[in-house]
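Student: Take a look at the following structure, please.
The values are calculated or read from the model by the stated rules, or taken from the named source; none is laboratory data. Bear in mind that the values here come from a model prediction, so they are computed numbers and not experimental data. Here the Cβ positions follow ideal geometry from the backbone for every residue, glycine too, while neighbour counts run over all protein chains shown. Just so you know, the surface numbers come from the protein's heavy atoms only, side chains and all, with ligands and any DNA or RNA stripped out. Shrake-Rupley method; radii C 1.70, N 1.55, O 1.52, S 1.80 Å.
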Amino acid sequence: MAIVSPGSGLAGQFPARLASGRKALHEMGFRTMLSAHARHTGRWAAGTAQERARDLMDVFADPEVRGVITAIGGRGTAEVLEHVDYGVIAANPKVFCGYSDITSLHSAIAAETGLVTFYGPSVLMEFGDTPTPFPETADAFLRAVGVPGPLGEIAAQSDIVVEGTDWEAPHQRRRVPAPTPRLVRPGCGSGPLAGGCLPVVTSLIGTPWEVRATGSVLVLETPQTPYVMDAARADLWHLRQAGHLSDLAALVVGWPFALEQVDDLAEILDDVVPPEADYPVLLGRPVGHTSPMTTLPLGVCARVDGATLMITDTATRGA
């Protein structure tokens, strides 16, 4: 498993966290390697855009590498998109996993190659958690990338973490019962999974790599605070006015990081989804900036039937 830093250079700033994440992956049965600039700590990102793109192409071209996982998201991933040789990635399909700012690469790889990618944990944030990663996060990742068949239902989890990550004084974060999922709009629909982190999806509009939302089960999730619901409302209206909420098969939205934002987010979704839309809108799955988190195979067919989310097609040949 190759570790890359397409965006922020935090892996080099937090070596203990990186070591903890690698240790967790090793205990799950993976061997890991670092790309050339994975630990680079530049002013803005982990190297120049060209260096980060070269790292990505090098690990995809390496026949010894069977999977690629990002150290973290952060900012700056979109800078690499114009420098990537997508032919290299298309010729060497393998697991690619990350979330948050990595949404840019998921969308670009889908647009340029049609390959399935995995919206799931990062090395520093999830696998580097202490004293160990949450078992639900690790199990969901292993199942998503290692089971040669449809994943079936992606269920809501019973517990959710309500503490942010403290990298200076690491400890097991507190969990509470998760809220009940909200069916904001009823219905059923099937299509390929697409989407990612809401503000990143919005930022890609007008580029060659914008998320292909039409006909999709669009999955969106919001970042940690200080991202607030005013920003989510603006981003969702941007999507609507760009036509990206008009012809969906379904809309699935992850829990917000701050649970006190749930009611506001449900109200915003009911307001922003076009009144003539006949697709289901489901709020409440452990996607992205929430813990424990699931791993979703983007590009694979899914079905939403009321409050049920099912992955109905195969994402990988298995480990």
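Student: Beta carbons within 10 angstrom, averaged per residue: use that to sort the peptides 203-209, 184-190, highest first. It would help to have the intermediate numbers written out before the result.
Tutor: Working: 203-209: 14.7, 184-190: 16.4.
Peptide ranking by packing, descending: 184-190, 203-209.
Student: Something else now. Just the accessible area per residue of segment 149-267, please: how many Å² with a 1.4 Å probe?
Tutor: 44
Student: Quick check for you: with a 1.4 Å probe and neighbouring chains kept, what is the accessible area per residue of segment 1-57, in Å²?
Tutor: 49
Student: Quickly rank 75-84, 19-28, 248-257 as a protection proxy: mean count of other C-beta atoms within 10 Å, highest first.
Tutor: Order by mean packing, descending: 248-257, 75-84, 19-28.
Student: Now a separate question. In the chain, how does Rg compare with the Kirkwood Rh, expressed as the Rg/Rh ratio over alpha carbon atoms?
Tutor: Working: Rg = 18.1 Å, Rh = 19.4 Å.
The Rg/Rh ratio comes out at 0.94.
Student: Expressed as a rounded percentage, what relative contact order does the chain have, with Cα pairs under 8 Å and six or more residues apart?
Tutor: Worked out over the chain, it gives 20 percent.
Student: How many percent of the accessible area of segment 7-83 is carbon or sulfur, using a 1.4 Å probe?
Tutor: Result for segment 7-83: 49 percent of the exposed heavy-atom area is carbon or sulfur.
Student: Given contacts defined as C-alpha pairs under 8 Å and at least six residues apart, what's the relative contact order of segment 1-96, whole-number percent?
Tutor: Value for segment 1-96: 39 percent.
Student: Using modelled backbone amide H atoms (1.01 Å from N, in-plane), which distant-in-sequence or interchain residues come within less than 5 Å of Val252's amide H?
Tutor: For Val252, the qualifying residues are Leu218, Val219, Leu220, Leu282.
Student: Which of the peptides 154-162, 212-220 is most tightly packed, and how do the rest follow, judged by the mean count of other Cβ atoms within 10 Å per residue?
Tutor: 212-220, 154-162
Student: Loop-only check: which GluC sites (Glu not before Pro) in segment 146-175 are DSSP coil with at most 13 other Cβ within 10 angstrom?
Tutor: Here the sparse-neighbourhood loop sites are Glu163, Glu168.
Student: Something else about it: Just add up the charged neighbours of Tyr99: K/R +1, D/E -1, any other residue whose Cβ is under 10 Å from the Cβ of Tyr99.
Tutor: So the surrounding residues net to -3.
Student: Now a separate question. Would you kindly derive the ³J(HN,Hα) couplings of segment 298-310 from the backbone phi angles with the Karplus curve 6.51 cos²θ - 1.76 cosθ + 1.60 (θ = phi - 60°), listing them in order in whole Hz, with x for Gly and Pro?
Tutor: Ordered by residue, 3J(HN,Hα) equals 6, x, 8, 5, 9, 9, 10, 10, x, 8, 10, 10, 10 Hz.
Student: Now, a different point. Please list, in chain and number order, the residues 5+ apart from Val95 or on another chain whose amide H is under 5 Å from its amide H, with Hs placed from the backbone.
Tutor: It is Val68, by chain and number.
Student: For segment 125-188, report the % of Cα-Cα distances exceeding 20 Å.
Tutor: Here the long-distance tail beyond 20 Å is 45 percent of all Cα pairs in segment 125-188.
Student: Per 10 Å bin, what percent of the C-alpha pairs of segment 89-196 does each bin hold, from zero upward?
Tutor: Using 10 Å bins, I get a P(r) of 11, 34, 37, 16, 2 for segment 89-196.
Student: Still on this structure, please answer the following. How much of the accessible area of segment 143-279, probe 1.4 Å, is carbon plus sulfur, in whole percent? Intermediate results must be reported in sequence, preceding the final value.
Tutor: Numbers: 3160 of 6120 Å².
It is 52 percent, rounded to a whole number.
Student: Here is a further query. Under the rule of -39500 (n - 2.57) per DSSP H run of 4 or more residues, summed and divided by the residues of the chain, what mean residue ellipticity at 222 nm is obtained, to the nearest 500 deg cm²/dmol?
Tutor: Details: 9 runs with 89 residues, N = 319.
When only DSSP H runs of four or more count, the value is -8000 deg cm²/dmol.
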